[in-house]
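For reference, the structure is listed below as structure tokens.
Values in this text are rule-based calculations from the coordinates and carry no lab data. Everything numeric in this text was worked out from a predicted model, so none of it was measured. Here Cβ is always computed from backbone atoms with ideal geometry, including for glycine, and neighbour counts include all displayed protein chains.
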Amino acid sequence: MRTARDTLVHESLLLVRRVALQVASRLPTQVELSDLTQAGCLGLLDAASRYDGARGVRFSTYAELRIRGSILDGLRELDWVPRSVRRRGRELDAASGRLEARLGRSPNETELAAELDIAVSDLGRIEPTVEMVETTDDLVRDPNAIDPHEALARRELFRILVEAIETLTKNERLVMTLYYYEELTMKAVGEVLGVNESRVSQIHKKAVRTLRKRLGGRVSLAGLTGLVRTAELAPQAP
């Protein structure tokens, strides 16, 4: 008899392949799709065992984060890049940095090849490989591939923030909207409200204190700014 966990896994196998194909499309051909799929299946199994439907998050959303994270973890462990290629990449970066400092601009291929003491034709073969490695490393370090629990925690913070914004006064909401969403200066916000810049600063500080208090100090000021910029801040009608 199939359990609820088995059903979740069975119904999500196509999701594993879809995520694996998305990741593979940004990788060199020597990375096997089967390796990515295998790693993704481990992520799916983990998601099925940890999933809590009571949190109101769809399993597919939760599982996709787990699958992608598991695939990227697998890539980190695989490290398919030969040491010689990574060494060449470091040499290329170092040479480019030295030339930029010396010339005051980005070097051309002839200058870079001379600095490395290689032929321009050899440089033409090295650069695409190094660029491919850097692209793959960037993917593996993808900051968007966050842990599913982080994603759920962020959603909860966002929900609390939206509720907190609704408790602000009309002027506080307007200041936050104009400053964060419209990106006006404090002085320009003051001109809209008909008050001086100092008063705008006071309103802004009070609103920020209110929001951070409602969030229980769980985010820094910079983190709060990021959340506010994505929240609905339209001032309520009087």
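Electrostatic tally near R17: other residues with Cβ closer than 14 Å to its Cβ, Lys and Arg +1, Asp and Glu -1, net -2. Residue by residue, region 89-94 carries 3J(HN,Hα) couplings of x, 5, 5, 5, 5, 5 Hz when phi is fed to the Karplus relation 6.51 cos²θ - 1.76 cosθ + 1.60 (θ = phi - 60°); x denotes Gly or Pro.
Within the straight-line cut-off of under 16 Å between alpha carbons, the lysines reachable from K187 are K205, sequence neighbours fewer than 8 places apart in one chain being disregarded. When peptides 164-177, 61-74 are sorted by average Cβ neighbour count within 10 Å, with the highest value leading, the order is 61-74, 164-177.
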